[in-house]
Structures are given as structure tokens and as C-alpha cells.
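As C-alpha cells, the structure follows; a few thoughts come after it.
Any read-out appearing in this document is the output of simple, stated calculations on the displayed coordinates, not a laboratory observation. These numbers were taken from a predicted model, which means no experiment stands behind them. Every residue, glycine among them, receives a Cβ derived from its backbone with ideal geometry; neighbour counts consider all protein chains shown.
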Amino acid sequence: MVRFVKRKGVTLIELLIVILILAALAAIAIPRISQSASTAKANACWTNIDVINSSIEMYNADNGSYPANLTTITQDTSYFPDGEPTCPVTGLVYPAALVNNRVDVTLHGNPHP
């Protein structure tokens, strides 16, 4: 009688198939993850702009007039206790110029990709 010895381990073909499956999943997932990150940064930028504009309205309610520029509010710790907000997309501070008592997003650029 011939006895077959059962070998332990995987064959090269099985290993290649697993690697191909993982590569296909990575090719699908990586672009979606990077797109989600840039969308989240753009949304955070717009949220910052909304918070700044709300602070401008609070300044008006407190003082009876709108600030001459954004620096008046961003350096006041009662409005921004953590300091001046920066854009998550560009890493820059928002422009100090106000247009119609709002942050001028044309000077900042369009944060949405």
C-alpha cells in the first residue's frame, strides 16, 4: 500500500490568488478613503466659516456694530478661546477682509474641491 503524506502549508497558486484579491480590494478602497478625507476637510472649512460668521453676528449684538475686520474678533478670546481658526484645506488663516460683514470666501478660495 502506498501511503500519501498530507503536506501542511499553501501552494504558490493559493498565495497568488489571495494577493490578487487583496490588491483588488485595495484598488477599490484607497481612492474612496482619500476622497472622503478631502471632502471632510472641505466640510470642516465651511463649518469654520459659518462659525466665524456667527461670531460676527454675536459681536454685532454685543457692541451694536460690525467689526472693521476679522482680526478684531479672532484675537478676542471671548469669541475664539482656542485662537484664530485656520482652514483645514489650505492650512492658512481666513482673510481679515470682510465683505457685507461676512468672511470673504473669494479671497480664501473655494474650499470645496
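Remark: relative contact order (the chain) = 24 percent; criterion is Cα-Cα distance under 8 angstrom and separation of 6 or more residues.
What is the calculated FRET efficiency for Thr72 to Gln35, with r their C-beta to C-beta distance and R₀ = 30 Å, to the nearest 0.05? With R0 = 30 Å, the Cβ-Cβ based efficiency is 0.20. Looking only at trypsin sites (Lys or Arg not before Pro) in DSSP loops with at most 13 other Cβ atoms within 10 Å, what is the longest site-free stretch of the chain? It works out to 9-113.
Between 0 and 90 degrees, the angle of helix 12-63 with respect to the longest Cα principal axis of the chain falls at about 10 degrees.
Remark: the Thr90-Lys8 segment gains 24.1 nm on full extension, using 0.36 nm per residue and subtracting the alpha carbon distance.
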